[in-house]
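Take a look at the structure set out below.
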Amino acid sequence: MIEELYGTSPDDFISIVDVVFRGKPVVTRVLHGIPGASDFHGWFSNCPFRIDALTYNDEDDEQAFASGTVISEDLPLVVSIEKERKEGRFWKALRDDIRVSWIVVNKRTKQMANLSSWRPLCGQRHWPSDKHFLVRFGSILPAHPLLSRKVVQCNVVLKCKLLTNCSLTEARKSALVITELSLQLEDMAGAHLNGRHSVLALMEALSCRKSMNHNEVLKSYRQYIRVQSELKEEKLKSEGWIDTICIIWGIISFVSFFCYMF
């Protein structure tokens, strides 16, 4: 058990999650423990780690309004997606004014830290249409000494959908539906950490120094992405050489066999 090996368990963690748009709270969630960690012996430890603070059926807009996960005030009116794609007024407002806080608390050690960058690190239009957006928050964290990697990435993902000329609002306006908010931890190769390693990473994150300077956080994130890209490029080159050597060896073997036979 994780608790026996490392002195803590998934039940010791509390997540306090807030989404704010232009200073007004939109979503607040308090998650006790790590959902799913107590199910199936061995399943949590070996499967990709993920905490979902918010998720709903993307097709049920009325459900979203009822749950309060909608931003309908202070948004630029989007008359058409084609015009928004050219001008980008809505995307700029989303990128500049949305904020996410994800505070993790360890009840046993009384430690806490905000693992989100508060302001977005990057974002993009997202599948399945131009009405969908994905905004990334997070931080680069030192890895636990027991792990092989030196640092890990805390990846906080917010997904949302734009409703144009929304009929569910009283006036003719645009609305933004938050469809997903989740947290995952990744290594330098971009692979998701499993539950056992993620608990170790969270323990280390709560005991290390965190910067409140967004420019410093953004700089470390960009540096991490650059190093990650370089490692991937080196891996592709290495795999390319291996493939080339295998092909050459196969040709030599075939020619040698052919010469031997004739």
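The values are calculated or read from the model by the stated rules, or taken from the named source; none is laboratory data. Values in this document were obtained by computation on a predicted structure and should not be read as measured data. Cβ: placed from backbone, ideal geometry, glycine included. Neighbour counts: every protein chain shown.
So which residues in the stretch 71-119 are among the hydroxyl-bearing types (Ser, Thr, Tyr) and out of contact with any helix residue (DSSP H, G or I) (no Cβ under 6 Å at 6 or more places or on another chain)? Hits for the stretch 71-119 are Ser72, Ser80, Ser101, Thr109, Ser116. Of the residues making up the stretch 186-201, those that are under 18 Å from Val156 (Cβ atoms), in contact with a helix residue (DSSP H, G or I) (Cβ under 9 Å, 6 or more places away or on another chain), part of a helix (DSSP H, G or I) and hydrophobic (A, V, I, L, M, F, W, C) number 1. Just one of the numbered conditions (1) within 20 Å of the chain's Cα centre (by Cα); (2) part of a loop (DSSP other than H, G, I, E, B); (3) of a type in the set (Lys, Arg) is not true of Arg136: (2).
Before we move on, is Arg95 assigned by TED's automatic domain parsing to the domain that holds Val30, assigned to a helix (DSSP H, G or I), modelled with pLDDT under 90 and within 29 Å of Ala189 (Cα to Cα)?
Yes.
Contact annotation: residue pairs with Cβ atoms under 9 Å, 6 or more positions apart or on different chains, pairing a residue in the stretch 118-130 that is more than 14 Å from Lys159 (Cβ to Cβ) and in the same structural domain as Leu181 (by TED's automatic domain parsing) with a partner that is among the polar types (S, T, N, Q) and not in a loop (DSSP other than H, G, I, E, B), are Trp118/Ser101; Leu121/Ser139.
Within the stretch 197-209, residues that are over 13 Å from Asn114 (Cβ atoms) sit with their Cβ atoms under 9 Å from residues that are assigned to a helix (DSSP H, G or I) and of a type in the set (Val, Ile, Thr), at 6+ positions apart or across chains, in these pairs: Val199/Ile2; Leu200/Ile2.
Please determine, by comparing only the residues of the stretch 18-28 that are without any contact (Cβ under 8 Å) to a residue 40 or more places away in the chain and part of a strand (DSSP E or B), which one is nearest to Ile51 (Cα to Cα). Once the filter is applied, the top-ranked residue is Thr28.
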